[in-house]
Structure formats: structure tokens, C-alpha cells
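The next block holds one structure in the form of C-alpha cells; read it before the comments.
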Amino acid sequence: MSSDGSSTTTLRPTVRSPDAFSSSSHPLSNSLSSLSSSRHSSSSSHVSKTYKQASTLFLTRRLPEALSTILPVIQSSTETDGPADPAPVARASRSTRIKVWTLYLTILNAIVELDPDEGKEAFGAQDWRALCSKVRDGEVWVEVVRYGYHGAEGDVDPDVVVNLATLLLAHARTQHLNQKRLEDYLAASLAPNLDLTNRFSDSPNPSGRFHSRHRSPAKRTGGTDTPKDLNTRVKILELYTLHVLPRNEEWDYAREFISMSSILDDERREAFLQALQSLQDERDEAERREEEAQREEEERQRREIEEARRLRAKNEERERKRLEEQRALRDGGGSEVDYGVEKTPSISGSSKGSRTNRASPGTASGPPAISKGGLARPRGKTAATSKPTFGSRATMVMSRLAGLMEHLGASFRTNPMLLMRLLAFVLGLLLVLGQKDIRERARRILKTGWDKIKATAGMGVKVSYI
């Protein structure tokens with residue numbers, strides 16, 4: 001027998017008894033088991049030390065150093081096209097393995113949540129985008145299964161599955177990938193384990209060492225051996241039925257999966273169904289509120305459009321009436337002038353007629369009176385050609401002022417900046433007039449102007465009196 005534990009066949013005439021062979025093989029198997037346990041303990045110790053260093057770096061927000069520290073224990077040193085060798089974390093204890101994978105997923109979550117500028121500065125643009133793509137495309141799940149559990153989907157620790165599903169739930173581009181991964185895990189973990197290698201783990205056959213070299217570190221037992229395992233499996237079902245499936249609009253399938261699940265008891269099944277119904281009701285209520293808000297917004301826009309059209313039509317009608325009034329006033333004034341021109345006799349007559357007109361202006365035979373513009377107005381047509389009265393002019397002025405105010409109000413509503421400019425102008429004017437020297441100068445200018453007006457008016461009165 002060789003030193004590395006491999007057996008060799010020798011052609012000897014003597015034959016050993018079974019008892020002798022058994023007694024000689026026990027020390028070799030004991031030495032192999034002790035060597036394996038020593039290697040396992042040293043590997044677990046190395047993984048624990050690495051975990052502590054990486055966790056310390058992560059707590060101090062040194063994400064690049066934390067990631068580079070933990071990568072050597074979660075990735076295989078050999079990269080081949082076939083099945084990869086397990087990473088050092090696969091040979092650690094179950095608790096250490098779960099803590100290492102949890103820390104790794106937590107570091108990835110923190111990296112993805114970084115701002116683009118901060119992430120590119122810390123890891124470089126290309127590496128940061130690659131890490132984000134690994135999480136958002138679900139490649140991290142494949143990495144965990146390949147390096148940590150030798151490609152056995154159902155052997156992944158349930159706590160690691162919970163962290164993976166939560167990570168994809170927060171950052172995956174679509175939850176269909178998360179749904180597929182969870183379904184594969186549930187199907188693989190509930191399938192019967194036909195691997196009989198563990199049954200012969202105590203066999204003295206040295207060739208068993210080759211099979212145990214790639215055996216998954218987790219036992220596939222359905223995840224319900226202990227209350228903690230049962231709670232973890234219920235957590236996985238909660239993520240799958242109450243978070244992932246509703247995101248994919250799989251309400252009926254989620255309800256059916258909860259009803260048919262053998263992991264849930266009646267109380268938990270009822271709680272899951274009520275929670276699912278509450279989520280669906282909240283989703284329906286949110287959609288209804290969104291539709292109502294959209295309808296209200298459309299109704300408000302429609303009312304604003306109708307109000308703008310009504311104001312525009314009202315302004316156009318008011319402008320049309322104003323133009324008609326101005327046209328009517330122009331037409332009335334023009335006919336009066338034309339009528340006076342037609343009926344006014346020529347004033348280039350004889351001087352005798354002029355003297356007679358000046359001598360007896362009140363006689364019936366005299367010519368009609370001459371107005372200021374030199375146009376005669378017949379006495380019989382005074383009522384037909386009279387100018388608008390003071391009341392009509394005042395009414396027209398008031399209507400125009402009211403129209404101007406409404407037009408200004410509409411302008412302020414459609415263009416609020418106009419009102420802001422007017423207020424700014426008034427404030428600026430008040431600030432300017434608030435200065436004493438400017439007030440004195442304005443007072444002097446107004447006083448000088450008022451004195452000129454009074455002097456002009458006085459001269460006019462004197463000339464009129466003379």
C-alpha cells in the first residue's frame with residue numbers, strides 16, 4: 001500500500017486472513033480521517049479570519065478592499081470549462097459558510113447602491129458596471145451555486161437563498177429571473193437525493209476520498225429538519241409568493257401555490273392568503289387612485305381649454321362690438337358733416353347779403369346760422385343730427401374701462417409675468433420717490449409746470465375778456 005492511501009495489488013503466495021487485513025486497514029483509515037479533519041479545520045480557520053477582515057473593512061465603508069479580501073475564499077483557483085472545484089468557503093463549517101456568503105452579497109448590494117460617480121471612482125467605470133451587471137442579471141446566483149456548492153442547486157443553504165432572492169428583488173432588471181431561480185431551487189431541494197456516497201462515508205475504501213472531494217457541503221434534507229430550517233423555508237416561500245410572483249402579476253398562481261404547499265400549516269396558509277389578498281387589494285386601489293388622478297388631470301386640462309376658449313370668444317365678441325360702435329360713430333359723424341355741406345349755401349355772395357345777414361341775424365328770411373367749422377346746419381334737422389349726449393358718452397367710456405379691466409385681468413391670468421413686471425415697476429417707482437432729493441426735484445418740476453399752466457390760463461382769460 002502506498003503512502004498516499006492508494007492500494008496496490010501484489011502477487012504473493014501467502015494469503016492474509018480477513019481479520020489481519022481489517023486490523024491493518026484501520027490505522028490507515030484513522031490517519032486519513034485525522035488528516036482530512038486537520039485540513040478541514042485549517043481551511044475553516046482561514047475562512048473565518050478572512051471573514052473577520054472583510055467585515056471590518058466593510059463596516060468602515062472600504063468596499064474595494066472588503067471585496068478584494070473576500071474574493072479569494074469564495075472563488076475557485078482553477079477556471080475550467082467543466083465543473084469548477086469548490087472554493088475554500090465550501091470546505092468551511094455551515095455557519096461560517098453562511099456568514100461569508102451573506103457578507104459577500106451585502107458588499108455587492110452596497111456597491112450597486114453607490115452613486116454612478118462614486119462607484120466609478122472607487123472601482124473604475126468598467127469594473128463597477130461589471131459588478132452591477134452581475135447583480136442585475138442574476139449572475140451572482142450562478143456564481144454562488146458553482147463555487148460554493150459545486151453546481152448543486154438544491155444544496156444551497158436556505159439562508160443564502162433568502163439573501164440571494166432579496167438581492168435580486170431589490171436590484172434585478174426583471175423578477176422573472178428571480179422567479180425561475182427560486183423555482184429551480186424549490187424543485188431541486190424537494191427532489192429525493194439518490195446520491196449514496198454518504199452511506200459509505202465510513203468505508204475503508206480509499207477511493208471514496210475522490211467522491212467526497214466534490215461532494216456538496218450541505219445535505220439535501222428539504223430544509224425542515226429543525227425549527228430554524230423550517231422558518232427559513234417559510235421565509236423563502238414568503239419571498240416567492242408574496243413578493244416575486246405579485247411583481248410578475250402571478251396572483252392566481254401564488255394563491256394556488258400557497259394552498260398546495262406542504263410546508264405551511266393551516267394557520268400560516270391562511271395568513272399567507274390574507275396577506276396576498278391585501279397586497280392585491282392595495283395594488284387595485286393604487287391603480288384606481290392613479291386612474292382617478294389621471295381622469296381628474298384630463299378633466300382639469302379640458303376645463304382650462306374650455307375656459308380659455310370662452311374667454312377668447314368673449315374678448316373677440318367685445319372687440320367686435322367696440323369696432324361696430326366706433327364704425328357707427330364714424331358713420332354718424334360723417335353723414336352729419338356731409339349733410340351740412342350739401343345744405344350750406346355759398347358764402348361768396350354779394351356784400352349786401354352779408355351785411356343784411358349781420359344786421360338782422362334773427363329774421364326768418366336770413367340764411368341759416370354758420371357753425372364754427374363754416375358749415376350751416378338747418379334748424380329743422382337738429383334732432384336728427386345731434387351729437388351723442390353726455391350720458392351716452394359716459395356709458396361708452398365706462399364700458400370701455402370695464403372692457404379694459406377685463407382684458408387686463410385675462411392678460412394677467414394668461415401671462416402672470418406681466419403683473420410681476422407691473423408690480424416691479426411700481427415698487428421701483430416707490431423706491432425712486434423714496435429718495436428726498438428726487439422728491440424735491442420732482443416737486444420743483446411740477447411747480448414750474450403748474451406755474452406755466454396758470455400763466456397760460458390767465459393770459460387766455462385776459463384775451464377772452466378783451
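The values are calculated or read from the model by the stated rules, or taken from the named source; none is laboratory data. None of the values given here were measured: they were computed from a predicted structure. Quick reminder, even Gly has a Cβ in these numbers, built from the backbone with ideal geometry, and neighbours come from all protein chains shown.
Some notes on this structure:
- Gly138 passes every criterion in (1) farther than 18 Å from Thr69 by Cβ; (2) under 22 Å from the mean Cα position of the chain (by Cα); (3) in contact (Cβ under 8 Å) with a residue 12 or more places away in the chain apart from (2).
- Region 51-88, subset more than 19 Å from Ala110 (Cα to Cα) and among the hydroxyl-bearing types (Ser, Thr, Tyr), residue modelled with the lowest pLDDT: Thr80
- Candidates Lys452, Lys381, filtered to the one that is at pLDDT 85 or above and among the charged types (D, E, K, R): Lys452
Results for (1) among the charged types (D, E, K, R); (2) within 29 Å of Leu71 (Cβ to Cβ); (3) out of contact with any helix residue (DSSP H, G or I) (no Cβ under 7 Å at 6 or more places or on another chain); (4) at pLDDT below 90, shown as yes or no for each residue.
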position: Asp155; (1), (2), (3), (4): yes, yes, no, yes
position: Asp159; (1), (2), (3), (4): yes, yes, no, no
position: Leu169; (1), (2), (3), (4): no, yes, no, no
position: Thr174; (1), (2), (3), (4): no, yes, yes, yes
position: Gln179; (1), (2), (3), (4): no, yes, no, no
position: Ala188; (1), (2), (3), (4): no, yes, no, yes
position: Ala191; (1), (2), (3), (4): no, no, no, yes
position: Asn198; (1), (2), (3), (4): no, no, yes, yes
position: Ser212; (1), (2), (3), (4): no, yes, yes, yes
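- Test: Leu273 is surrounded by 10 or more Cβ atoms within 10 Å (Cβ to Cβ) and under 16 Å from Asp252 (Cβ atoms): yes
- Tally of residues being over 20 Å from Thr174 (Cβ atoms) and either in contact with a Cys (Cβ under 6 Å, 6 or more places away or on another chain) or surrounded by 13 or more Cβ atoms within 10 Å (Cβ to Cβ) (or both) across region 119-139: 6
- Residue match in region 316-324 (condition: touching a residue at least 60 places away in the same chain (Cβ under 8 Å) and assigned to a helix (DSSP H, G or I)): yes
- Those residues of region 240-270 which are surrounded by 14 or more Cβ atoms within 10 Å (Cβ to Cβ) and either farther than 25 Å from Leu168 by Cβ or among the aromatic types (Phe, Trp, Tyr) (or both), in sequence order: Tyr240, Trp251, Phe257, Arg269
- The condition of being at pLDDT below 85 and out of contact with any strand residue (DSSP E or B) (no Cβ under 9 Å at 6 or more places or on another chain) holds for Lys387.
- For region 139-148, the condition of being at pLDDT below 90, part of a helix (DSSP H, G or I) and within 21 Å of Val234 (Cβ to Cβ) holds for none of the residues.
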